[in-house]
Amino acid sequence: MIDITDLNHVTIIVRDVRAAEKFYCDVLGMEPLPLPPAFTHATSWYRKGNAEIHMVHVVDAAQTPGDPKLNVYGDKDHSRARHFAFAVQDIDQVVSELNRHGIPIILGPRPRGDGATQLFCYDPDKHLIEFHTLP
């Protein structure tokens, strides 16, 4: 069995590096990380706590940015689509910051079913993101 100790990073494809950096740094408070010297492709890395986002610019990517169109109907809401999630201390603070930056909340805040409260939004490249409190 593989002994996984942490989720190291999520890599996303971005069209506009400045817009993505503004979202992840100015809204979420992530900090830029130095890249390994051997990296020659258009990428940038960011971290807050143990959470890392690696951004690959679309010109050097093997796929397009964002998530495919969702089929949200019945009980199949945004939470049942591909997304990545950040655990947060205060969901009300997330609501306040997203509102302050004019970022629409797509779903929530609402109970997740395990004692956590969750909400969803999109980043500038339409990657679906969940924020949740820990149960």
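Within straight-line reach of Lys76, meaning a Cα separation under 20 Å, sit the following lysines at least 8 residues removed in sequence or on another chain: Lys126. The share of alpha-carbon pairs in the chain lying farther apart than 20 Å comes to 50%.
By accessible area, using a 1.4 Å probe on protein heavy atoms only, the chain has 53% of its surface on carbon and sulfur.
For region 15-73, the list of chymotrypsin sites (Phe, Trp or Tyr not before Pro) that fall in a loop by DSSP and count at most 12 other C-beta atoms within 10 angstrom reads Phe39.
Shape verdict for region 17-95, please, from the Cα gyration tensor: rounded (a/c under 1.5), prolate (a/b greater than b/c) or oblate. Oblate. Accessible area per residue for region 65-135 is 58 Å², calculated with a 1.4 Å probe on protein heavy atoms, without ligands, DNA or RNA. Counting only DSSP beta bridges with both residues in region 1-81, the antiparallel share comes to about 65 percent. Restricting the trypsin sites (Lys or Arg not before Pro) of region 1-108 to loop positions (DSSP other than H, G, I, E, B) with no more than 13 neighbouring Cβ atoms within 10 Å leaves Lys69, Arg82. Relative protection proxy for 58-64, 6-12, from highest mean packing down: 6-12, 58-64 (other beta-carbon atoms within 10 angstrom). Across region 41-54, rounded Karplus estimates of 3J(HN,Hα) from the backbone phi angles (6.51 cos²θ - 1.76 cosθ + 1.60, θ = phi - 60°) give 8, 6, 9, 8, 10, 9, 9, 9, x, 8, 8, 10, 10, 10 Hz, Gly and Pro being marked x.
Dipole check for the chain: with +1 at the C-beta of Lys and Arg, -1 at the C-beta of Asp and Glu, and the Cα centre as origin, the magnitude is about 340 Debye.
The values are calculated or read from the model by the stated rules, or taken from the named source; none is laboratory data. Everything numeric in this text was worked out from a predicted model, so none of it was measured. All Cβ positions, glycine included, derive from the backbone under ideal geometry; neighbour counts span all protein chains shown. Keep in mind that these areas ignore ligands, DNA and RNA; they rest on the heavy atoms of the full protein, side chains included. Shrake-Rupley method; radii C 1.70, N 1.55, O 1.52, S 1.80 Å.
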